[in-house]
Structure formats: C-alpha cells, structure tokens
Amino acid sequence: MSMPFYVAPEQMMKDRADYARKGIARGRALIGMVYEVGVLLCAENPSRSLHKVSEIYDRIAFAGVGKYNEFDQLRVAGIRHADTKGFAYARDDVDARSLANLYAQYLGQVFTHEVKPLEVEILVAELGRPGHEAQLFHILYDGTVVDEQHFAVIGGDSDAIAERVVQAYDQTFGLAEALRSCVAALEGDGQHLNPQDLEVAVLEDRGERRTFRRVNGTELETLLGDAL
C-alpha cells in the first residue's frame, strides 16, 4: 500500500511565501508618500495603458505591483465594494481601512487554501479629511496589513528603496519635492528614469468631491524640473 504524499504545513506556507515574493520582486517598485497637502503615488511603469495606480472612490486610491491581471481584479472588486457601500449607506462611510481589511481577508484566504498564492502587493491610500491624517495601508500577498506612516514602498527592491526614501523624506514636502525624492529613490545608482517611464497620480483636495488625478505630460516634466 502506497503512503500518501505529505508536506508539513510549515514547509507548505514557506514555499508559497517564497513563490509569491519572487514573483513580486520581478515587478517594478512603487512609492506612496504623504506630502504637505495630499498623497503622492509614484511608480516605475513605462506602459501607457496598463495602470498600476487607479482611483477607487472619492478620497481613496489603489496601487498594485506584481502580476497585473491579479491586482487588477482586486482593483475592480474594490471599486464595486466601495460603490455598493456608498450607495447603500453614505459616501462618507467608505474608507480605506475597511477596504484594506476586505483585501486582507481575500488574500489571506487564497494564500492559505489555494494551491498558488496571488503574486501581488497592494497599497490603499486615503486622503485625510480636515483634522485627520492621510492613511496608507500596505497589504501583503498573505493578507498581512501594515498601517504605514508617511510613506510606503512596494514591489521591486523595496528595502533598498525605502532606505533612500527615509534619508530624504520631509513631512513639509510640496508636490514637486515629494515627486523628485520618489524618483531619486526609485532610480538608485546608475539608473535614470524619464517622465515616460513613470506613472504618477495624487490625492489632493481641490474643493471637489473627487480628489484623484493623474500627473503626466507637461505638468510632470515641470514638476521634475532639474531632476530630468
């Protein structure tokens, strides 16, 4: 009688984690940063049609790294959840914390019970209301939620990039200074990123209901200025 194939649960979880981390590390990095009046999302992304950064709701943005088809499914699910909740209750009831918990539950379920984990890391950012700070929630492939302070780096060589961000970050940064520091951190040594290599968006209160907007073209080149 043949014995059934057995793998210790600890080894299985380790193998899944290694698999997910390797897939995510192959992607280009992304930085979310709180600046003086908003939240900046800056990613290395030469594609003009496949976005890493998108709007979820009035004051909430989504960013993902890893396998595009997997994190884009999460983006769509988040939009549907936010729209449904906002319609059933009130728009102010839609917040980044509950959305991050929803993503964490789903990613944790897949990581624990499915054969292949999702090769994604995501960031949910919410622009703070008057008297409240902006929020950044970093959700890992296994459903772990990290409440980041001031900035978050996901994908690529995130540890090295985060070290460079720490050295330069200042809470009083305006948009131009924040953007230049993000680009410098993404570049590291020996690499140069042009405006067409970047995907940039901000959450910024402009007196309108929606706060998300993309930064590109002439505006992006002007903000980068001498960094080009």
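Is the C-alpha gyration tensor of the range 82-170 telling us rounded, prolate or oblate? Criteria: a/c under 1.5 is rounded; beyond that, a/b larger than b/c is prolate, otherwise oblate.
oblate
Place +1 on the Cβ of every Lys and Arg and -1 on the Cβ of every Asp and Glu in the chain, take the dipole about the Cα centre, and give the residue among 84, 102, 34 whose Cα lies farthest towards its positive end.
84
Taking θ as phi - 60°, what are the ³J(HN,Hα) couplings along the range 91-96 by the Karplus curve (6.51, -1.76, 1.60), each to the nearest whole Hz, with x for Gly and Pro?
These are the phi-based 3J(HN,Hα) values: 4, 5, 7, 7, 9, 5 Hz.
How compact is the range 27-227 by the rule of thumb for globular proteins, expressed as Cα Rg over 2.2 N^0.38 Å?
For the range 27-227, the normalised Cα radius of gyration comes out at 0.98.
Which of 105, 135, 11 ends up with the largest GNM mean-square fluctuation for the chain, with Cα atoms connected below 10 Å?
Answer for the Gaussian network model of the chain: 11.
Which of the peptides 180-192, 55-67 is most tightly packed, and how do the rest follow, going by the mean number of other Cβ atoms within 10 Å of each residue?
Per-residue mean Cβ counts within 10 Å order the peptides as 55-67, 180-192.
Under a GNM of the chain (C-alpha, springs under 10 Å), which listed residue has the highest mean-square fluctuation: 163, 208, 70?
In this elastic network of the chain, the residue with the biggest mean-square fluctuation among 163, 208, 70 is 208.
Quick check: from the Cα gyration tensor, does the range 126-228 come out rounded (a/c under 1.5), prolate or oblate?
In terms of gyration-tensor shape, oblate.
FYI, it's all coordinate maths here, none of it is from the lab. None of the values given here were measured: they were computed from a predicted structure. Backbone-built Cβ (ideal geometry, glycine too); neighbour counts: all protein chains shown.
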